[in-house]
Amino acid sequence: MIALRLYSRPGCHLCEDMKAVVERVARTGDVRATVEEIDISTSRELEARYGLEIPVLEADGRKIAKYRITESELRKALEARAGGSSAASG
């Protein structure tokens, strides 16, 4: 299971767009994923880190997208993470 984390804030149209893509892919994709949405406006630290560079999407703690991602791009990223976690490195 891949843990997705979406950093966003209320009133951000790009955040809403990315959230819709993430939810569709998480619901219908072959790779199982959990989705956690983090409102950066509730934390000074997160506001300082992300500011206007939202939305940011992380998969298992690694940034995979900023501003926009298509369903196809997200599926590819999730498949790569799922395959990469069991593949030998070298």
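Here, each number is a calculation from the coordinates, and none is a lab measurement. None of the values given here were measured: they were computed from a predicted structure. Neighbour counts run over all protein chains shown; Cβ positions are idealised from the backbone, glycine included.
Structure notes:
- Residue match in the range 51-58 (condition: in a helix (DSSP H, G or I) and buried (at least 16 other Cβ atoms within 10 Å of the Cβ)): no
- Yes/no for SER8 being over 13 Å from ALA77 (Cβ atoms), touching a residue at least 12 places away in the same chain (Cβ under 8 Å) and among the hydroxyl-bearing types (Ser, Thr, Tyr): yes
- Filter result for VAL25 (of a type in the set (Val, Ile, Thr) and assigned to a strand (DSSP E or B)): no
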